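Asker: Let me begin by handing over the structure; questions about it come next.
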Amino acid sequence: MQQNMNNGRYGRFGALIGIAYVSGTHCRFLIYSTKNAEVLAYHELKLRQIVHQAGWLEYDPSEIWKYMQECIETAYKNLVILEIDPHDIIAVGIVNQRGTTVLWNRLTGQPLYNGIGWSDSRSTPVLRKVLQNVKQNVDYVRHRTGLPLSGCFSAFKIRWLMENVPAVGAAIKEDKCLFGTLDSWLLWNLTGGVQAGVHSTDITNAHYTSLMNLSTQQWDAKLCQFFKLPINILPRIRSNSEIYGYVLDGPLLGVPIAGVMGEQPACLMGQLCIKAGQNVCTLDDSCFVLLNTGTEKLESENGLITGIAHQLGPAAATNYSLEGAISNAGSTVTWLREKLRINTEINSNDNVVESLNTFIGDSSMISSSCSSSMLNTECGLAAKRSEITLVPAFHGLYAPYWRYDARGIILGLSSQTTAENITQAAYEATGFQIYEVLEAFKRDTPNWDHSCMHPVLTFGGEYAEDTHLVQFIADIMGYMLERPQTASPAGLGVMMAAGVTMGVVSLEYAIKMYAPPTDVFSPTTTRNRREVLYRRWDYAVKRCLHWNNFETYEADIELFSQRERDPNLAIRRSIPGSVFMVSSFALLLLARYLHNNPLT
């Protein structure tokens, strides 16, 4: 179908689709060729992140809309400069960071407050009260939403805005308030705003609000009642592939908006992880790991999100996913660079490169070639690196723990600790968190034939562009990583969704024609070495989960050190207790025997 539609009707690049993309850091407009998925023209602007206090993250919605208009106009002009007919643009798609919450006045079109970012933690007091009411059951609404109770989802952000911003309460009372994530905000403005704006969202963004029933795939009145939110402010839920409306102004006047997706499900599709068992990891400031479960909706028992992969049409079957959300990944590196003034640029810092490279094969080489007297000389960096463990729980831990009260921790500091050691521990933390999610995938799919699952992890994102880092993470996790050379997987994913709507793309065609060259990274460490490091990580996580309990800290550290030196410590410690129990039982039997058979 795709080839037939292109013959003689469009230029040499076939039908074109424009993608409006708002991530956590940039606003972009990309124009794709549906013939081969090439990005023909684009323009991007860096978003201004507004931080009033620690843990808060806001965006100016009006600024985002202004930036998107500029990006559309500039990309359109670039297409003309390249002598490509802009009338070949047959559709527009929208992709956005999920969870970022915007409330606006439907009569004036003005935001009632800044957009609250996905990772913003200001709603923690609201979350704490709710958890107290449900006896700390973080999975209280999971059977309806597929989500744990967490401040990263939109419901708690709306609740905070209602309780703390008078303009929001007044607009709701006067029936003037509309809610949406960034896709809804852009869609409403592109389709006419106050005059004729379409107030809708797609199924993947709706899911991330905690207000959508995963079974009915519609807003749930009981969930709205639980969170104490008005259901009438919510947008209409639609599939990923259908015509939402038409652009009413600007160079794209009259072009249909034919696809909308959340960023991470779009990455899953854009990396061509379309079949059940395929998984993808996107490493940016945050990190998301998704497993495509096909049409099977799996309820996670291991701290994962049961989510939506895609629904390519109103009547199409819904594909589901399991997802692990990690709040601090690349942002940990940013924290080291901006707050601690540590040079974290791997390619420009030879010491960091050396520190990372010492991990490659160190379990076999170092243990055989370095005696204890050599550890601080020839093998110094390699030996010292494993002493530092950093858990970047700056404002809590997400998957698989979902603990808002966890706090970051660094263990193993000594007078020999260097900035490079800290940097390496930060990169290790990302690898360990991804590893925990992958292991949770396995536990949540006990009935799957894991030999049929995709044997590697598809890797992407801003930080995945660094070869040293990707290899290091492969070594930490013990997984083979594939890094497709796709410029913008999320953009490609929603382009495919819009292309399906317009009948110019099919999934079969995309798999055949859109597959890019791929880099492969194999782990070079042994299982024993990885397990030693992971035990340290696991212990550090337990400490950060109970960071305010100092009573047993020193005893726990000493016990951990003893266990490291003596793997059989637990068995030997159990011997005295076992002897005591056996001897007590024997004495009890003897006493009963003597009672029944008194000595004469």
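The values are calculated or read from the model by the stated rules, or taken from the named source; none is laboratory data. Please read these numbers as outputs of a predicted model, since none were measured by experiment. Cβ sites come from the backbone with ideal geometry, for glycine too, and all protein chains shown count toward neighbours. Ligands, DNA and RNA are stripped out before the accessible areas are found, and what is left, the full protein with its side chains, is counted by its heavy atoms. Shrake-Rupley method; radii C 1.70, N 1.55, O 1.52, S 1.80 Å.
Asker: Cross-link partners among aspartates and glutamates for residue 275, C-alpha distance below 17 Å, same-chain residues fewer than 8 apart left out?
Answerer: Within the straight-line cut-off, residue 275 pairs with 296, 323, 449, 482, 508.
Asker: OK, next. Which whole-number value in Å² is the accessible area per residue of segment 300-348, probe 1.4 Å? Don't jump to the answer; show the numbers that get you there.
Answerer: Values: 1890 Å² over 49 residues.
Result: 39 Å² per residue.
Asker: Among 389-396, 166-173, 262-269, 289-296, how do they line up by average Cβ neighbours within 10 Å per residue, starting with the highest?
Answerer: Most protected by this proxy first, the peptides run 262-269, 389-396, 289-296, 166-173.
Asker: Length gain on complete extension for the stretch residue 417 to residue 129, per 0.36 nm per residue less the alpha carbon to alpha carbon distance?
Answerer: Length gained, residue 417 through residue 129: 99.6 nm.
Asker: So, one more: Let me check something: with ligands and nucleic acids excluded, how do 427, 10 order by accessible area (1.4 Å probe), largest to smallest?
Answerer: Values: 427 15, 10 35 Å².
Descending order: 10, 427.
Asker: What does the convex hull of the Cα atoms come to per residue for segment 122-229, in Å³?
Answerer: Considering the Cα atoms of segment 122-229, their hull volume per residue is 107 Å³.
Asker: Top to bottom by accessible area (1.4 Å), largest first, where do 135, 129 land?
Answerer: Order by accessible area, largest first: 135, 129.
Asker: At a Cα cut-off below 18 Å, give the aspartates and glutamates reachable from residue 222, other chains included and same-chain residues fewer than 8 away excluded.
Answerer: Partners within reach: 139.
Asker: Starting from the residue with the highest accessible area, list 502, 212 in decreasing order, probe 1.4 Å. Don't skip to the end; give the middle numbers.
Answerer: Details: 502 50, 212 0 Å².
Listed by decreasing accessible area, they come as 502, 212.
Asker: Mind scanning 228/297; 66/157; 135/228; 46/228; 46/129; 129/173 and naming the pairs with a C-alpha gap bigger than 30 Å?
Answerer: Over 30 Å Cα-Cα: 46/228; 46/129.
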